[in-house]
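Input: a single structure, listed below in structure tokens.
The values are calculated or read from the model by the stated rules, or taken from the named source; none is laboratory data. Quick caveat: nothing in here was measured; it's all calculated off a predicted structure. Note that we place each Cβ from the backbone using ideal geometry, even for glycine, and neighbour counts take in every protein chain shown. Heads up: the accessible areas ignore ligands, DNA and RNA and are worked out on the full protein's heavy atoms, side chains in. Shrake-Rupley method; radii C 1.70, N 1.55, O 1.52, S 1.80 Å.
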Amino acid sequence: MNIQWYPGHMTKAKRMMQEDIKLIDIVIELVDARIPLSSKNPDIDELAKNKYRLILLNKSDLADDAVTAKWEKYYSEKGFFVAKINARDGAGMKSINGIVQEACREKIERDRKRGIINRPIRAMIVGIPNVGKSTFINSYARKACTKVGNKPGVTKGKQWIRLGKNIELLDTPGILWPKFDDEAVGLRLAYIGSINDEILNVTDIAVELIKFLQVNYCQTLTQRYNIESTGDPVQVIAQIAEKRQCIKKGGELDYDKASALLMDDFRSGKLGRITLETP
């Protein structure tokens, strides 16, 4: 199943990021801890070259903890600063300021030698759609943020979010990249909701997710729905429809409704802690 989705506004957003990057000290990229590679936009590496980099494995509460540890090691070995967080409940958030200061230590020291003290670090927040950027910013700012703009070196009208004296954040729209070379990447992005559900066939997506779960998390479906989870994935959906009363008028099983239920349960963590790829 080949999934592609790159609406026109993303082209405009990417151009805007290319203009803004010259103002930035560090790029903070949120990825989904369930798909830490597939949710990492490869265009960001080119955009953010020569900038300090921090990768945040968000929604870590939904991911397999043992696999998340492998991803932390993977990105750390590639030269990124990295941390796992759950922006929704604040887990891991307290460590971020210290990591940002450590990542930008050379920049801070250069400023100090030039007599520039306490200049805020400017960070750009990037991430694909539905990776949790807004939740992260609200949690990070703890609702005590102020917007700043119209200042030297900042494009007029551009809005920044100030976090105390030390850090200013520039938010960016969630963007994907024009073409997924690997079919599996598009599928994983569809699973977590980063691709508009309206362009997808929900039953086809559910079938592919079931195939993955049957191989990698074989008891998950049985435990959640009290069904026989092996065999034909379409029959698995039929069992879910029966158990959860997904029935159309006339008594016919509603495969789309059961498939949507399965996808919602996966996305919300009701199927358990699941990671869809390993380093």
- Task: Mind sorting out which of (1) 38, 35, 16; (2) 40, 19, 16; (3) 24, 21, 20 is the real semi-axes √(5λ) of the Cα gyration tensor in Å computed from the coordinates?
- Result: (2)
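Given a 1.4 Å probe, how much area per residue of the chain is accessible, in Å²?
Working: 14070 Å² over 279 residues.
Value returned for the chain: 50 Å² of accessible area per residue.
If the chain between Glu77 and Ser268 were fully stretched, how many nm would it gain, using 0.36 nm times the residue separation less the Cα-Cα distance? Intermediate results must be reported in sequence, preceding the final value.
On the way: separation 191, 0.36 × 191 = 68.76 nm, distance 3.04 nm.
Using 0.36 nm per residue and subtracting the Cα-Cα distance, I get 65.7 nm.
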- Query: Once the Cβ-Cβ distance between Glu19 and Glu102 is put in as r, and R0 is 30 Å, what FRET efficiency do you end up with, to the nearest 0.05?
  - Reply: 0.60
- Message: Starting from the 7 Å offset along Cα-to-Cβ, what nm value, one decimal, do you get for the label separation of Asn166 and Glu198?
- Response: 4.3 nm
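Roughly how many percent of the accessible protein surface of the chain is carbon and sulfur, given a 1.4 Å probe and a whole-percent answer? Walk me through the numbers before you get to the answer.
Details: 6750 of 14070 Å².
Of the solvent-accessible surface of the chain, carbon and sulfur hold 48 percent.
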